1. Just the ratio, please: alpha-carbon radius of gyration of region A:253-339 over 2.2 N^0.38 Å, N its number of residues.
2. Assume the label is 7 Å from Cα along Cα to beta carbon: what separations in nm does B:ILE136 have to the matching positions in the other copies?
3. Can you tell me the Rg and the Dmax, both Å, for the Cα atoms in region A:66-224?
4. Which three extents, in angstrom, do the Cα atoms of region A:55-106 have along their principal axes, listed largest first?
5. Among A:VAL400, A:VAL220, A:VAL363, which one shows the biggest mean-square fluctuation in a GNM of chain A, springs joining Cα atoms closer than 10 Å?
6. Given the convex hull over the Cα atoms of region B:180-287, what projected area results after averaging over all orientations, in nm²?
7. Over all directions, the average projected area of the alpha-carbon convex hull for region A:7-115 comes to how many nm²?
8. At a Förster radius of 30 Å, what calculated FRET efficiency corresponds to the Cβ-Cβ distance of B:GLU383 and A:ASP295, to the nearest 0.05?
2 protein chains.
Amino acid sequence: MLADNDTAEMQTFCETLHPATVAEALADEYSSEEVWRILSQTNIANQALIFEYFPIDWQVKLVEGTGRQHMARLIEQMSHDDRADLLRRLNPRVAESLLRLVDEADRRDIATLVKYPENSAGALMTTDYAWLPAHITAAEALDRLRCQAPDKETIYYVYVLDDQRHLLGVVSLRDLILADRQTVLSDLMEKEVVRVRATDDPEHVAQEIARYDLLAIPVVDEENRLVGIITHDDVMDVVVQEATEDVHRLGAVGPIAENYLEANFLTVWRKRVIWLACLFVAELFTFTAMAHFEDEIAKIVVLSLFIPLCISTGGNSGSQAATLIIRAMALGQVTVGDWWRVLRHELLMGLALGCALGAIGFVRAFFTPQSTLNPPSQSIIVEPLQFSWVIAQAVCIICVWGTLVGSMLPIIFKRIHVDPGVASSPFVATFVDVTGIVFYFSIAKMYLPF
Amino acid sequence: MLADNDTAEMQTFCETLHPATVAEALADEYSSEEVWRILSQTNIANQALIFEYFPIDWQVKLVEGTGRQHMARLIEQMSHDDRADLLRRLNPRVAESLLRLVDEADRRDIATLVKYPENSAGALMTTDYAWLPAHITAAEALDRLRCQAPDKETIYYVYVLDDQRHLLGVVSLRDLILADRQTVLSDLMEKEVVRVRATDDPEHVAQEIARYDLLAIPVVDEENRLVGIITHDDVMDVVVQEATEDVHRLGAVGPIAENYLEANFLTVWRKRVIWLACLFVAELFTFTAMAHFEDEIAKIVVLSLFIPLCISTGGNSGSQAATLIIRAMALGQVTVGDWWRVLRHELLMGLALGCALGAIGFVRAFFTPQSTLNPPSQSIIVEPLQFSWVIAQAVCIICVWGTLVGSMLPIIFKRIHVDPGVASSPFVATFVDVTGIVFYFSIAKMYLPF
């Protein structure tokens, strides 16, 4: 297509396929220069539609590949939330020079949106919502919507505002169409509107939209004035992204937003090695802890053989508890205020789990061959029953300890305003490993004849 | 409200609040009998609306609490996907006796939906979509929609079908309203419709809806006949649920669908203890592996002090790789066919990570105090440099090994049709723990003077 310089084909390509498909195909196969050559065959509105479907890194790259004037026209056509996102990512000098070329109204709109911090409802919202006053009839409303519609992100929800833009109600397009033509909007509208604040957490927005099965949710300021709306598709992206972040944190990876196979090797290495190195350094304390008990190991070697088993028990039970609590907090089922209920619940659960695992440990330890338990070179005689009791008790206590640490750390982190996801399984496991060694040897010293 | 038997207040409660809010309030505070007493104050259509927002377990419980006749009327009013879900969960005998009371058309519709397996697009879809023939004008279309609308799940997308219900195109309500009244639908409709098959995976449906920012996606059979649609809100639930399942698996919990604080203690204990016990039993092999090297430990005690460090390195790097691959597969970024690219990528990555960690390990091991390295009771003299080299090499190799196992296991599981999420971090970590011990001592035996 490009080799033949077949402009007709480029135009057909841009205009018949879904913009998402066009963007994917272009991003996969062409350089930024080639993308612009192909896009320039279609009108600017369609260019904007396709441009919005490029991943954000690609959008930034594309800005560099075209003239400022052209980019400014494209920005005027883009949907309000997507262009605010883009400008937030651009080098501030580039963004400013572009903004100077964008027309007055759009410039002001962008300035309003860009000021919201990246992790807030304000950053997700768009300002091109459909709105109407309360006193008009359904028939007038439909006529006015026909004029507004081409510019609006969605016209399926129409917000009813007063002169000061206070949110009075919402009417769905479905109700408008079904209603008698002469009904006044104020009689037709739903007055109990589910709404969020611009400063709210994106997760909260996602929960509200999912809870009430909404297409869009209105965003208001402190005085209940409508400042924007957030549509279901943007929320879906948030949900997927948050889930990926949660999962990545659980697996000890700094969040990697890029596609796995396409991400840059060095960037990914850096994100992975930082986590692994931190955990490794923390895990070095297992050596320090064990060095304290070197004499005991030298005297009863069999003790060291059960160490991986005991500490992994703590790690697993800790991961399990941490995962449950982190996910329950992400879904809004558990809040910091529930810490006492969680603590009680997990203490009981830890005991119930620990007893089960301790029992298995007891049986296995009891069947340790005599040659392993009391090798000829060993001066101390270890009783099988006594030894099994040590293992069972250590497994049980470490399991309870792991469960408690795993359930409480995420809550504590949330309380001190650190993302609870940071208290991920590997983090908890490492912490429990070190402390588990101390528990293990302390119990051994209590029962065995050193 | 109930104590006073204030029927007026019950009615207001049911009719002014959002059905989601009513359902939440009722489920939190009342018994199934009380719920029915309150619901009976509003009309059957509204009862159905509220009923759909109850969690599915609650719905099943509520079925038992009311008469069969009443429940049959309610089922007739429920949205088609929700009632199919409910009937799939009911005791087959109860479901059958209910179905006998439901009217003919609804019964046939339910029978069609119930036959799809639970984890398919068919099970998510609803049959109450809006559709029109291709030859009518926009004005006629709006008139017909006005008649269809009250029953349909969504009228924002209208599907254009021929006599045999083949899917010809889709028109959005927005386009219908904007179009000239005389335009014929066949000229107005989008012919390139994104569609899914009834047998497709729910994850695939979610990806398609997210990719094209759709409100609903049509579901067709093998002959391209429309059999239903899936709406964005049902997909959102799927996305959240899948993410929770993924996260839970990563944390070694059997998927627990219930709310954390409300779930039954015994059920949760069972789900948690099964995983922990399996991992514990698998981890018992660490003891078996170490028992093989008991003599070496007895000769050089310091070797045992580095074991937790070395095996946790394998566990962490394995978790990390497994998490990345499992998530990338869930998002459709990596397929089984990519195994060779993944293998090459992770081999390089593992080496790069292993060298970094090995270097840290080398430094730490080099600074092991002489009294720990060569205690008076030990007959063998261990050289610090030689010992550090053993640790560095073991850490590096175990890290590469963990990365490889973590990245390949999910792909292998997917290949043999086991959910890749089962190859979760704790599973990988346990596997790598056991093999890591063997690597560690083999390397030690190569370099140290036993």
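1. Working: Rg = 18.9 Å, N = 87, 2.2 N^0.38 = 12.0 Å.
Compactness ratio reported: 1.58.
2. In ascending order, 2.7 nm.
3. Gyration radius and largest Cα-Cα distance of region A:66-224: 17.3, 54 Å.
4. Cα extents, longest axis first: 27, 21, 17 Å.
5. Taking springs between Cα atoms under 10 Å, the residue moving most is A:VAL363.
6. Its Cα hull, projected and averaged over all orientations, spans 11.8 nm².
7. 6.2
8. On the way: r = 23 Å, r/R0 = 0.75.
The formula returns an efficiency of 0.85 here.
Only the coordinates and a few stated rules stand behind these numbers; no lab work does. Bear in mind that the values here come from a model prediction, so they are computed numbers and not experimental data. All Cβ positions, glycine included, derive from the backbone under ideal geometry; neighbour counts span all protein chains shown.
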